[in-house]
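Take a look at the structure set out below.
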Amino acid sequence: QVQLVESGGGLVQAGGSLRLSCAASGRTFSSRPMGWFRQAPGKEREFVAVISWNGAYTYYADSVKGRFTISRDNAKNTVYLQMNSLKPEDTAVYYCAASKGGVLTARPSEYEYWGQGTQVTVSS
């Protein structure tokens, strides 16, 4: 079992930066890929980034590539999302998730555990 709690969301001006954290509990955390997703009001949940179990491989949505960086510290049971050059369209509730298996994927249905989400609001 894995439990996830996001933190670090808030209000930031366009062009600013924000760092999200996801604290995990459970012995299986370090053995599976971890992803970040986001959902804006009236929109479907969309993929943001994913990182392999050992942090060696990452994959990003085109909309955030070059601006966001996903990382993890298995010793601290924590995954991070560093967000730079933020845009108003980045405004959403951000969720971290633990995948069902060991394959990196952008599909929400392939993730088994989800956090409660943290709000990110980017003003113009």
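Observations on the model:
- Hits in segment 1-34 - residues which are at pLDDT 90 or above and among the small types (Gly, Ala, Ser): SER7, GLY8, GLY9, GLY10, ALA14, GLY15, GLY16, SER17, SER21, ALA23, ALA24
- Selection of strands (runs of 3 or more DSSP E) fully inside segment 84-124 by the criterion of at least 2 residues being modelled with pLDDT of 95 or more and touching a Ser or Thr at 6+ places or on another chain (Cβ under 6 Å) returns 118-123.
Residue-wise test of (1) among the small types (Gly, Ala, Ser); (2) open to solvent by less than 30 Å² (accessible area, probe 1.4 Å).
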{"position": "GLN1", "(1), (2)": "no, no"}
{"position": "GLY9", "(1), (2)": "yes, no"}
{"position": "CYS22", "(1), (2)": "no, yes"}
{"position": "PHE29", "(1), (2)": "no, yes"}
{"position": "GLY35", "(1), (2)": "yes, yes"}
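Residue by residue, here is whether (1) farther than 30 Å from SER124 by Cα; (2) part of a strand (DSSP E or B) holds:
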| position | (1), (2) |
| --- | --- |
| LEU11 | no, yes |
| GLY15 | no, no |
| SER21 | no, yes |
| ALA24 | yes, yes |
| SER30 | yes, no |
| GLY35 | no, yes |
| ARG38 | no, yes |
| PRO41 | no, no |
| VAL48 | no, yes |
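- Residues that are crowded, with 17+ Cβ neighbours inside 10 Å, within 15 Å of TRP114 (Cβ to Cβ) and modelled with pLDDT of 95 or more are absent from segment 55-75.
- Flag: GLU89 does not match the condition of being of a type in the set (Asp, Glu) and surrounded by 14 or more Cβ atoms within 10 Å (Cβ to Cβ).
- One residue from THR118, THR105 being touching an Asp or Glu at 6+ places or on another chain (Cβ under 8 Å) and open to solvent by less than 30 Å² (accessible area, probe 1.4 Å): THR118
- Qualifying positions in segment 37-53 - surrounded by 13 or more Cβ atoms within 10 Å (Cβ to Cβ), closer than 18 Å to VAL64 by Cβ and not small (Gly, Ala, Ser): PHE37, ARG38, GLN39, ARG45, GLU46, PHE47, VAL48, VAL50, ILE51
The values are calculated or read from the model by the stated rules, or taken from the named source; none is laboratory data. Quantities reported herein were computed from a predicted structural model and do not represent experimental measurements. When we count neighbours, we look across all protein chains shown, and the Cβ atoms used for this are built from the backbone with ideal geometry, even at glycine. Just the protein is used for accessible areas: all its heavy atoms, side chains included, with ligands, DNA and RNA removed. Shrake-Rupley method; radii C 1.70, N 1.55, O 1.52, S 1.80 Å.
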